[in-house]
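Chemist: Sharing a structure below in structure tokens format, with a few things to ask.
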Amino acid sequence: AQSVTQLGSHVSVSEGALVLLRCNYSSSVPPYLFWYVQYPNQGLQLLLKYTSAATLVKGINGFEAEFKKSETSFHLTKPSAHMSDAAEYFCAVSSRDDKIIFGKGTRLHILP
Amino acid sequence: EAGVAQSPRYKIIEKRQSVAFWCNPISGHATLYWYQQILGQGPKLLIQFQNNGVVDDSQLPKDRFSAERLKGVDSTLKIQPAKLEDSAVYLCASSPFRGTETQYFGPGTRLLVL
């Protein structure tokens, strides 16, 4: 069975500081990994996805994530936080033709 | 292109009442998903359609929840009778194909059961 663990339900960073949201996965087969963002009262929007190509994946809004098989991790980073990045972020795992399993989410707070 | 549409956006009902949600996916998307998102948790898949057929409904509480996608386009999700624990946001998503294709989400319907 596949699962995702997001470390930290809330993360606060100062505007302009590095954003690091942690995600560890469990999968018995090569995984496909996703990061989604959810703004208040909106649906989820895909930030980026890993599907066994390059291990460093670049997404929208300056976010990127690195797939590390040895650490079973797929952490999300952004060099410089912006106030508009305040939202909830979900890591998710899937395998080919299987359903996507979402983590519990991490709410990102940006401090002025 | 128009996104995934859902209605209503908000619904308040009393327990044991029934409620229905509607979803219109992105035009041409074969796969449609219904998720339940309880406060503080990630979305949980309730049911997945491929065109008008059910692919996965293993996590759908079939004693009270039902869903249909009769013409392979829009879909309805129904709860009858509702329980307090059904209070959640119900998200609809669609994708061109199954599997690892990007899913496009609607804004969701926020349900409160009193």
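Any read-out appearing in this document is the output of simple, stated calculations on the displayed coordinates, not a laboratory observation. Here the structure is a predicted model, which is why all the values come from computation and not from measurement. Please note: Cβ atoms are built from the backbone with ideal geometry, for glycine as well, and neighbour counts cover all protein chains shown.
Chemist: Arrange the following residues from fewest to most other Cβ atoms within 10 Å of their Cβ: A:95, B:7, B:75, B:27.
Modeler: Going from sparsest to densest Cβ surroundings: B:27, B:7, A:95, B:75.
Chemist: Just to verify a number: FRET efficiency for residue A:71 and residue B:63, C-beta to C-beta distance, R0 = 45 Å, to 0.05?
Modeler: 0.60
Chemist: Moving on to the next point. Using DSSP to call loops (not H, G, I, E or B), can you name the trypsin sites (Lys or Arg not before Pro) in the range B:72-114 whose Cβ has at most 11 other Cβ atoms within 10 angstrom?
Modeler: Loop-located and lightly packed - none at all.
Chemist: Strictly over 18 Å apart at the Cα level, which of A:99/B:71; A:99/B:44; A:68/B:44; A:104/B:11 would you flag in this model?
Modeler: As for pairs spanning more than 18 Å Cα to Cα, those are A:99/B:71; A:68/B:44; A:104/B:11.
Chemist: Quick one: which residues, 5 or more positions from residue B:5 or on another chain, have an amide H under 5 Å from its amide H? H modelled 1.01 Å from N in the peptide plane, none for Pro or chain starts.
Modeler: B:24
Chemist: Right, next: Mind putting a number on the dipole of chain A about its Cα centre? Charges go on the C-beta only, +1 for Lys and Arg and -1 for Asp and Glu, and I need it in Debye to the nearest 20.
Modeler: So the dipole magnitude of chain A works out to roughly 160 debye.
Chemist: Would you list A:50, A:89, B:10 from fewest to most Cβ contacts within 10 Å?
Modeler: Final ranking by Cβ density, sparse to dense: B:10, A:50, A:89.
Chemist: I've got another one for you. Just rank A:44, A:108, A:56, fewest to most, by other beta-carbon atoms within 10 angstrom.
Modeler: In increasing order of surrounding Cβ atoms, one gets A:56, A:108, A:44.
Chemist: With the Cα gyration tensor of the range A:24-68 giving a ≥ b ≥ c as the square roots of its eigenvalues, does the rule (a/c under 1.5 for rounded; else a/b larger than b/c for prolate; else oblate) give rounded, prolate or oblate?
Modeler: Oblate is the answer for the range A:24-68, as a/c is 1.5 or above yet b/c matches or exceeds a/b.
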